[in-house]
Amino acid sequence: MIKIYNTLSNKKEEFEPQKKNFVSMYVCGITPYDEAHLGHARAYVVFDTVKRHLLKRGYQVKHIQNFTDVDDKIIKRAQEKKIKPSELAQIYIDDYFTQTDKLNILKAEIYPRVTQMIPEIVKFIMALADKGFAYKVGSDVYFSVEKFKDYGKLSKRKLDDLKAGARVDVRAEKNSAFDFALWKETKENEPQEIAWESPWGKGRPGWHIECSVMSSELLGDTIDIHGGGQDLIFPHHENEIAQSEAKTGKQFVKYWIHNGFVTINKEKMSKSLNNFFTLKTIFEKYNPRVVRYYLLTQHYSSPLDFSDAGLDAAKNTLQGIDDAYLRLISSSKEMAFSITDKDLLDIEETFLKALDDDFNSEKALSYFHELKNIILNELFTASTDRLSQLRKLFEDFSENSLGLALPEEHKSDESLQKLLNERNEARKNKNWTESDRFRKLIDEKGYKIVDNRDGSSVLVKKI
């Protein structure tokens, strides 16, 4: 039984989707006005791990992730670059896929965009107005927070406590300072390509309404899992609940999952503090597999403090994992169809139970390392069948559950192969000085030598 820490109840709950073997999951996507950064990687690796484990446990998952392709930040950046907002959004949507593909993140089933769902958004707002939850201020439309009695149930905040110092959209005409925009009138300096006709005049959607509309249109009025970063709990997800449940009268989400922040020197990574790192920049120094491994080393709900030291440690650990795997595959030419050895079945079950327990990747990694140690201890003594089972289990843990793409055995060029042959000849003649010299030359070219049980050697590219 999978257990999930539900932000709504503030406790772990047994996971029971609405349909026995089907999970509806909505994850808040990016606002594409700049390059994807480490905070994005944290969130989407987390929910990729959630999705992979649900699939592993036999569920069918319909996963929706939006793009907020209409936003004040997009408009401002597009005006600075003297291009259309749609062109700017597409540049950074393309960048998002380029970087997340490197992190081996499974694709969502659908990536809806705000600009593709304007009629549905207008219809949703009209339904809220008909029920008395929305009102006009000029050509803007606002949601009346005080009319939704359960407002604050996700963030555990009360309006009376918030009113003193909250950062809100101050506008005298609003009924309440906490009412939020559902529809925004087009301003004179804004491009017409992001202005749509509506019953209230030309304008565009507010931020919060889009996710309620996209999730209900594509997944239904009630969804199983809704995910995002902890910074979205209030006000974004709180407002989603209010407008969705006000319209339908049904529970909007059964299980809310929120990942922790990425911090830099214990401070939240933020563009306003100028302490954020783009994935493109990080990948220039570190292999994306290293970054993914690093992101898995902490439970998703905990803050993750970014540092070169942390990434270097992850790099060294992953290199050891790669070495063990490449030695294993060169000693095990055929894959087992199933796992039969009891101790390996036990490790498989404890590994999966770690992920059953609120998707605890940190704990699951400890069992992955236990498997790696068994491989190294048995590499020269185990039967071919045993090695094949070890390989199958290793690949299942790495690729299917953790999303760590497997390293490939390097097919060396002539110069590297010549050095390897000379090193092997020196070893054969017990000329250890020459052997070490050739190893060093190979190391300088960016490769490691891994020796196998049959006396052969494999070149492993350093990560």
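Hey, how much of the P(r) for segment 81-149 falls beyond 16 Å, as a percent of Cα pairs?
Of all Cα-Cα distances in segment 81-149, 67 percent exceed 16 Å.
In terms of the Cα gyration tensor, with a ≥ b ≥ c the square roots of its eigenvalues, is segment 355-455 rounded because a/c is under 1.5, prolate because a/b exceeds b/c, or oblate?
Prolate is the answer for segment 355-455, as a/c is 1.5 or above and a/b outweighs b/c.
If you count only protein heavy atoms with a 1.4 Å probe, what accessible area per residue comes out for segment 4-160, rounded to a whole Å²?
It amounts to 45 Å² per residue over segment 4-160.
Could you compute the longest span of the chain free of chymotrypsin sites (Phe, Trp or Tyr not before Pro) located in DSSP loops and having at most 14 other Cβ atoms within 10 Å, not counting the site residues?
No qualifying site falls inside 1-336, the longest such stretch.
Please report the antiparallel percentage of the DSSP beta bridges confined to the chain, to the nearest 5.
Antiparallel bridges: around 55 percent, rounded to the nearest 5.
What is the calculated FRET efficiency for LYS149 to ASP346, with r their C-beta to C-beta distance and R₀ = 45 Å, to the nearest 0.05?
0.35
What are the GluC sites (Glu not before Pro) within segment 191-270 that DSSP puts in a loop, where the Cβ has at most 11 other Cβ atoms within 10 Å?
Here the sparse-neighbourhood loop sites are GLU197.
So which DSSP H runs in the chain come out at 30 Å plus along the axis (Cα) with average Kyte-Doolittle of at least -1.0?
Going by DSSP H runs, the hits are 308-331.
Taking the Cα centroid of segment 364-420 and of segment 103-122, what is the distance between the two, rounded to the nearest whole Å?
38 Å
What part of the accessible area of segment 1-126, given as a whole %, is carbon or sulfur when the probe is 1.4 angstrom?
49 percent
Determine the per residue accessible area of segment 201-264 with all protein chains present and a 1.4 angstrom probe, expressed in square angstrom.
Averaged over the residues of segment 201-264, the accessible area is 23 Å².
Which three lengths, in whole Å and largest first, does the chain cover when its Cα atoms are put on their principal axes?
Largest to smallest, the principal-axis extents are 89, 51, 37 Å.
Report, in deg cm²/dmol and to the nearest 500, the calculated mean residue ellipticity at 222 nm for the chain, where each DSSP H run with n ≥ 4 adds -39500 (n - 2.57) and the sum is divided by the residue count.
Rounded to the nearest 500, it is -13500 deg cm²/dmol.
Could you compute the net charge surrounding LEU419? Neighbours are other residues with a C-beta less than 12 Å from the C-beta of LEU419; K and R count +1, D and E count -1.
-1
Which number comes out as Rg/Rh for segment 200-317 once both Rg and the Kirkwood Rh are worked out on C-alpha atoms?
Value, to two decimals: 1.09.
With just the Cα atoms defining each centre, how far is segment 332-352 from segment 44-69? Give it in Å.
First find each Cα centre; the distance between them is then 25 Å.
Mind listing which trypsin sites (Lys or Arg not before Pro) in segment 72-137 are in a DSSP loop and have 15 or fewer other Cβ atoms within 10 Å?
LYS82, LYS107, LYS131
Over the alpha-carbon set of segment 1-133, divide Rg by the Kirkwood Rh and report the Rg/Rh ratio to two decimals.
1.03
Considering the Cα trace of segment 309-373, what is its radius of gyration and what is Dmax, both in angstroms?
13.8, 40
Count the net charge of all other residues whose Cβ sits under 11 Å from the Cβ of LEU218, scoring Lys and Arg as +1 and Asp and Glu as -1.
-2
Distance between Cα centroids, segment 256-311 to segment 195-245: provide it in whole Å.
So the separation of the two Cα centres works out to 27 Å.
Grab every C-alpha pair in segment 84-202, bin the distances at 5 angstrom width from 0 up to the longest one, and report whole percents.
2, 9, 14, 16, 15, 14, 14, 11, 5, 1
Per residue, how many Å² of accessible area does segment 314-453 show with a 1.4 Å probe?
Here the residues of segment 314-453 average 50 Å² of exposed surface.
The values are calculated or read from the model by the stated rules, or taken from the named source; none is laboratory data. Fair warning: this is a prediction, and the values are worked out from it, not measured in the lab. Please note: Cβ atoms are built from the backbone with ideal geometry, for glycine as well, and neighbour counts cover all protein chains shown. These accessible areas exclude ligands, DNA and RNA; they are computed on the full protein's heavy atoms, side chains included. Shrake-Rupley method; radii C 1.70, N 1.55, O 1.52, S 1.80 Å.
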